[in-house]
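> Below: one structure in structure tokens.
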Amino acid sequence: MDLLVLGGTPHMGRSIIEAAARRGDTVTIVNRGLSGRPPAGVEARLADRTRPGALAKALGDDRWDAVIDTWAWLCAEGEPEPPDGRPPLGLDPERERAVLVTVTGNAR
């Protein structure tokens, strides 16, 4: 399986990518590159999702079988939707599946 993990080096993301890599999945992560390196064999792409266009640029035209998002963009009332505006996560709904995993407040 080709798996994309958004987030991916700290907290739950690390466990997810390590388990997927051990299972033999092809794993790509997108993060800011601030919280450690991914395990060997995992492709890392850099993007700060709070910057407009950054996620779209990091994803390019590539597609994955599944996406796991370990960061929830929580909009305060009156704030715009997530900056990239690619609902959900720029996926092709005919092929890809997405899972959002978040533990609000755990990383604060």
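> If you go through segment 13-32 one residue at a time, how many are crowded, with 17+ Cβ neighbours inside 10 Å and part of a helix (DSSP H, G or I)?
6
> Hey, another quick one. For residues that are of a type in the set (A, V, I, L, M, F, W, C) and in contact with a strand residue (DSSP E or B) (Cβ under 6 Å, 6 or more places away or on another chain), tally how many sit in segment 28-61.
6
> Now, a different point. Restricting to segment 33-59, count the residues that are in a helix (DSSP H, G or I) and hydrophobic (A, V, I, L, M, F, W, C).
Selection size over segment 33-59: 5.
Readers should treat all values here as calculations from the given coordinates under stated rules, not as data from a laboratory. Source: prediction; values computed, not measured. Note that we place each Cβ from the backbone using ideal geometry, even for glycine, and neighbour counts take in every protein chain shown.
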